[in-house]
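Below: the structure, in structure tokens.
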Amino acid sequence: MAIERLTRWRLVLGGPDPACGLDDRLAAIDRALAALYGGGPDDGRADGRGEGDDPKARSAGLGASAPRVARWLGDIREYFPTPVVQVLQKDALERLQLRQLLLEPELLEALEPDVHLVATLVSLGRVMPAKAKESARKVVRRVVADLERRLRARTVQAVRGALARASRTSRPRPQDIDWHRTIRKNLKTYDRARRTVVPERLVGLRRARAGMRDVVLCVDQSGSMAPSVVYSGIFAAVLASLPALRTRLVVFDTAIADLTDQLADPVDVLFGTQLGGGTDINRALAYCEQLVTRPQGTVLVLITDLYEGGDAEQMIMRAARLQASGVRVVCLLALSDDGAPSYDAHHAGALAALGIPAFACTPDLFPDLMAAALQGEDLGMWAARHDLTTAGKERR
């Protein structure tokens, strides 16, 4: 056991001789790690930074060569489980500046797809040659199909249930009475002498039109929000498939793109975004305000870290006006698996003072969030129940 622990530390820390004390397989794993992270502390320099912290030295590990990178990707897929492979790929993209190599179809086919890779491919979509873009779309479609499979059933079930509950009324017109539910609710008042139920409470459905809801997803597509954009596009496509909802998807940076007409295909939605750039939340809210025709029946989900590059005072005032009109407004600081995000705490506090909750949400909880919003629940209390606080680190 002690030898195993030492071997693990040897692989974590690296060393001057990659093969020292390691068998052939472990030496190969060590070389794969060294190509990305350098040789460890023994590679250090006088300033305390290891060679793994020098972009040029690290680049020499893999080289700006698609075949070498593809071989390295094949190695790590052999040696590590998929979640670890995805972490290593993400680090390689960030540390070794390999984004340009993603334009090569042969390399794309060797990658293990995940949400972060999708975000990177989408951000490169406008500069990809046609052949590489075709391969990139295949990669994106694989991830989207997997996520949609995982998230669709729960989303549909939660939203349909919420709409059904929200559409029930205890004062239905005679033609709208739900007799099956009414009988079940009143079994305790069964009159044995008359052999009939004496209903104390009627259960019925409002007219279908009154039960419909409008949902507007307003999504910040600046670079820091990339995973949130991916998940938002998938959820928007799922919600748009529900006939009881009228779903709009608006993405923004300093400009605005309404992607509602592309919601039939979430891959088209994602390639319709343009990740990166600045942020003008006020302008985006102004556009969404024009979309609201039935405030009392509208849920507006603003997905942003609240770092406003436009008019911050107007942004808060516009959010207050939407809230006051009857729109259910909620701000998600992130829609991702990454935990507590970096966000503008001052703006989050200003929204909270208006009664607009601001918190991060994971994709697994988003269906329940939408159900709570559609049912008219207190979203601040909902967030507290799920321990979704605005605790995070404020960007300096």
- Query: What is the set of long-range amide H partners of Arg246 at a cut-off below 5 Å, with H atoms built 1.01 Å from backbone N?
  - Reply: Arg213, Asp214, Val215
- Task: Could you pull the Rg and Dmax for the range 293-338, using just the Cα atoms, both in Å?
- Result: 11.9, 35
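Would you please give the FRET efficiency between Arg150 and Arg195, computed as 1/(1 + (r/R0)^6) with r the Cβ-Cβ distance and R0 = 45 Å, to the nearest 0.05? Don't jump to the answer; show the numbers that get you there.
Values: r = 50 Å, r/R0 = 1.12.
Efficiency for this residue pair is about 0.35.
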- Query: Going from most exposed to least, what order do Ile29, Ile256 have by accessible area with a 1.4 Å probe?
  - Reply: Ile256, Ile29
- Provide, as a two-decimal number, the C-alpha radius of gyration of the range 234-299 over 2.2 N^0.38 Å, N being how many residues it has. 1.15
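Please give the contour-minus-distance gain from Ile183 to Asp338: 0.36 nm per residue of separation, less the Cα-Cα distance, rounded to one decimal in nm.
51.1 nm
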- First measure r as the distance between the Cβ atoms of Glu313 and Ala264, then evaluate 1/(1 + (r/R0)^6) with R0 = 41 Å and state the FRET efficiency to the nearest 0.05. 0.60
- Query: What is the diffusion coefficient of the range 245-372 in µm²/s, taking the Kirkwood radius over Cα pairs and the Stokes-Einstein relation at 25 °C with a viscosity of 0.890 mPa s?
  - Reply: 161 µm²/s
- Note on the structure: Over the range 217-352, with neighbouring protein chains present, the accessible area per residue in Å² at probe 1.4 Å is 33 Å²
- Quick calc of log₁₀ I(q)/I(0), the range 183-336, Debye, one scatterer on every Cα, no solvent, q values 0.13, 0.14 1/Å, result -0.61, -0.68
- Message: Taking θ = phi - 60°, what integer Hz values does the Karplus form 6.51 cos²θ - 1.76 cosθ + 1.60 yield along the range 274-283, in sequence order, with x for Gly and Pro?
- Response: 9, 5, x, x, x, 9, 10, 5, 4, 5
- Under 11 Å from the 7 Å Cα→Cβ point of Asp364, by amide nitrogen: which residues of the range 236-260? none
- 5 angstrom amide H check on Val197, placed H, neighbours 5+ away: Asp191
- Query: Which far-off residues, 5 or more places away or on another chain, put their amide H under 5 Å from the one on Tyr307, with H placed in the peptide plane?
  - Reply: Asp344
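So if R0 is 30 Å, what FRET efficiency would Asp387 and Ser325 give, r being the distance between their Cβ atoms, rounded to the nearest 0.05? Provide the component values of the computation, followed by the final result.
Numbers: r = 31 Å, r/R0 = 1.02.
The value I calculate is 0.45.
The values are calculated or read from the model by the stated rules, or taken from the named source; none is laboratory data. Since the structure is predicted, the reported quantities are computational estimates derived from the model, not experimental observations. For neighbour counting, all protein chains shown are included, and Cβ atoms are generated from backbone atoms with ideal geometry for every residue, glycine included. Side chains are part of the model used for accessible areas, which takes the heavy atoms of the whole protein and leaves out ligands, DNA and RNA. Shrake-Rupley method; radii C 1.70, N 1.55, O 1.52, S 1.80 Å.
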